[in-house]
Amino acid sequence: MRIGTTSSTWLVGGILALAVPFCLAQSNPQAASQPSHSAASANKRAADLLNTVNKDEIDTAQMMQDHTQNTAVKEYAQTLVNDHKDSQQKLETAASQSNMNLQEDKNMQDQDSKLKERLQNESGAPSDKAFVSSQIREHRMAIRELKQLEPQVTDQGLKEVVRNAIPVLQKHLDQARKLQSQLGGKSGGK
């Protein structure tokens, strides 16, 4: 008799464990319309990544505009400033409409600070080549990560910003590869 009671207790406990979350979801239809933790996390990760990329690219490109003597590098840097400022404005609008607090990735900021310091300590062609190589590396990373996050983003305003940012980042990557070959650097890979 004891074995039957124990089995019944486990069976009832198992049914309750499955039924309670289902009943709670049914009694709170709003919960079903709210993004899951992972969706909210994807929204936040995509927004913070794009925020960091935009700000770092603007800062580095502005510094290179003043630092380089190469006209092609200056023009590329100006394109980066213009496009990333536009992307940042759109991101901030979407984040504001969703009550999302934008943050920056500390590791990426640290890497950008080291890059800027290195670029400032070099001059001429070595500085230009290092800048362009960093643009290839950073844009490849940003494109890869945003493409992975974009399907998981549930906030429609943010999703549109991310979708629109990817081709712009690809344009920057293509321009950097072309510029790298003009400067006599390596191809930058695909």
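The numbers here are math on the coordinates, done by the rules we state, and not lab data. Everything quoted here is computed from the prediction, not taken from an experiment. Quick reminder, even Gly has a Cβ in these numbers, built from the backbone with ideal geometry, and neighbours come from all protein chains shown.
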Practice prompt. Scale the Cα Rg of segment 66-173 by the rule-of-thumb value 2.2 N^0.38 Å and send over the ratio, two decimals.
Written response: 1.18
Worksheet, complete the sentence: XL table Lys44/Lys129; Lys44/Lys74; Lys74/Lys114; Cα-Cα > 31 Å flagged, in table order, is Lys44/Lys129; Lys44/Lys74
Worksheet item: Around Ala95, with a cut-off of 14 angstrom between Cβ atoms, what is the net charge of the other residues, counting Lys and Arg +1 and Asp and Glu -1?
Response: 0
Item to complete: Taking each pair of different alpha-carbon atoms in segment 109-151 once, compute 1/r for the pair, average those values, and report the inverse of that mean as the Kirkwood hydrodynamic radius in Å to one decimal.
Response: 11.4
Worksheet item: From the phi of every residue in segment 144-157, what ³J(HN,Hα) in whole Hz does the Karplus formula 6.51 cos²θ - 1.76 cosθ + 1.60 yield, where θ is phi - 60° and glycine or proline is x?
Response: 4, 5, 5, 5, 6, 7, 3, x, 8, 6, 9, 6, 5, x
